[in-house]
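Single-structure report; data block below.
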Amino acid sequence: MVAVAPVMKKRRAKSADDGVLTVGRSKAGTIAANTAGILFSIFMLFPVYWVLNTAFKPANEVLSLEPTLLPKNPTFDNFLSAFKAPLFLENMLNGVIITLLAVAGALVVGFLAALSIARFKFYGRKSIILVILVVQLIPFISLLIPLFLMLQQAKLTNSLIGVSITYLVLILPYTVWTLRGFISGIPRELDEAALIDGCTRAQVFWRIILPLTGPGLVATSVYGFIQAWNEFIIINTLNSPDKQNLMAWLLQNQTTRGTAWGPLMAGAIITSIPVVIFFLIIQRNIATGLTAGAVKG
């Protein structure tokens, strides 16, 4: 017993040292992670800062060889110039119409398709699910030429309806895939209980499935809104300048004769405002919709 005591003391001392080392390592790891996170945030937010800084600078400061962290003489002239620019307001209205039509159509068609896949068993169901997944992997730009030919035959080129249908097809696979997972997470027992209580299939749809799928519809609408609002390659190819959106307007204002960076950055800020507002309005339901949509059906 006498010989064991010193050994136990050494072990206790060693364990205490290990605890100190562990705490030190954890603090060092936390500091390193926080530092990396701060540097990454600065890297990601710098373009946003540059856009805001340039939008409020007069033309002489924008082209100055001495960069400044903040505008010396802040001005709203760039925003006024953007609003007065040719086709700016027209393109803004076009973007709103196209985005709303595409998102609303994708939600209606996608919800009905997802409901059929999630709630009914039929031949080829698994194949359809696989096709929906594979379609999302195809670069949409590769379909631009056949898409143009199809719209040309349907006489829908250079029209808001044609672009709206195109954007609907663009965001539809993701909408179906997400809503299918969300509907699969709703217990079938709720449907059966409602049918036993005398509800029809239509009443089950309106009173049970549709309300419970609300967060999923919100989550998919955010994705669809961002995709339709920010897309410019398709609309720039299919439509003339008077029937394009704000993203295409930003592209058209970069010419070989020079670029008015102040109005261009002001236009970029105005273009991003609807997305930010839409996100702030429905942000509470986004996380719920995305996590529930991940349920395996």
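The values are calculated or read from the model by the stated rules, or taken from the named source; none is laboratory data. Worth saying up front: this structure is predicted, and the values here are computed from it rather than measured. With ideal geometry, Cβ positions are generated from the backbone for all residues, glycine too; neighbour counts draw on all protein chains shown.
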task: Among residues belonging to region 169-192 that are farther than 21 Å from residue 134 by Cβ and out of contact with any Ser or Thr (no Cβ under 8 Å at 6 or more places or on another chain), point out the one that is surrounded by the fewest Cβ atoms within 10 Å (Cβ to Cβ).
output: 189
query: What are the pairs, 6+ residues apart or on separate chains, where a residue within region 53-72 that is basic (Lys, Arg) has its Cβ under 7 Å from a residue that is assigned to a helix (DSSP H, G or I) and surrounded by 16 or more Cβ atoms within 10 Å (Cβ to Cβ)?
result: 57/262; 72/61
query: When residues of region 259-297 are filtered for being at pLDDT 60 or above, more than 16 Å from residue 230 (Cβ to Cβ), under 20 Å from the mean Cα position of the chain (by Cα) and not β-branched (Val, Ile, Thr), how many remain?
result: 4
statement: Going through (1) buried (at least 16 other Cβ atoms within 10 Å of the Cβ); (2) farther than 19 Å from residue 245 by Cβ one by one, residue 99 fails only at (2)
query: Just wondering, is there one or more residues in region 151-168 that are farther than 24 Å from residue 90 by Cα and surrounded by 13 or more Cβ atoms within 10 Å (Cβ to Cβ)?
result: no
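Does region 67-89 contain at least one residue that is within 25 Å of residue 159 (Cβ to Cβ), assigned to a helix (DSSP H, G or I) and touching a Lys or Arg at 6+ places or on another chain (Cβ under 9 Å)? Before the answer, list the steps.
Step one: list which residues in region 67-89 are within 25 Å of residue 159 (Cβ to Cβ), which gives 85-89.
Add one more test, that the residue is assigned to a helix (DSSP H, G or I), and what stays is 88-89.
Now restrict to residues that are touching a Lys or Arg at 6+ places or on another chain (Cβ under 9 Å): none.
No, every residue in region 67-89 fails to be within 25 Å of residue 159 (Cβ to Cβ), assigned to a helix (DSSP H, G or I) and touching a Lys or Arg at 6+ places or on another chain (Cβ under 9 Å).
Would you be able to say whether some residue in region 144-164 is modelled with pLDDT of 85 or more, within 17 Å of residue 100 (Cα to Cα), among the polar types (S, T, N, Q) and outside any helix (DSSP H, G or I)?
The first filter runs over region 144-164 and keeps only residues modelled with pLDDT of 85 or more, leaving 144-164.
From what's left, within 17 Å of residue 100 (Cα to Cα): 159-164.
Checking the rest, the ones that are also among the polar types (S, T, N, Q) come to 159, 164.
Applying the additional criterion that residues be outside any helix (DSSP H, G or I) yields 159.
Looking through region 144-164, at least one residue is modelled with pLDDT of 85 or more, within 17 Å of residue 100 (Cα to Cα), among the polar types (S, T, N, Q) and outside any helix (DSSP H, G or I).
Enumerate the helices (runs of 4 or more DSSP H) found wholly within region 211-261, keeping only those where 3 or more residues are closer than 17 Å to residue 172 by Cα.
On the way: elements: 214-230, 233-238, 246-252.
Result: 214-230.
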- prompt: Since residue 195 meets every condition but one in (1) among the hydrophobic types (A, V, I, L, M, F, W, C); (2) within 25 Å of the chain's Cα centre (by Cα); (3) modelled with pLDDT under 90, which condition does it not meet?
  reply: (2)
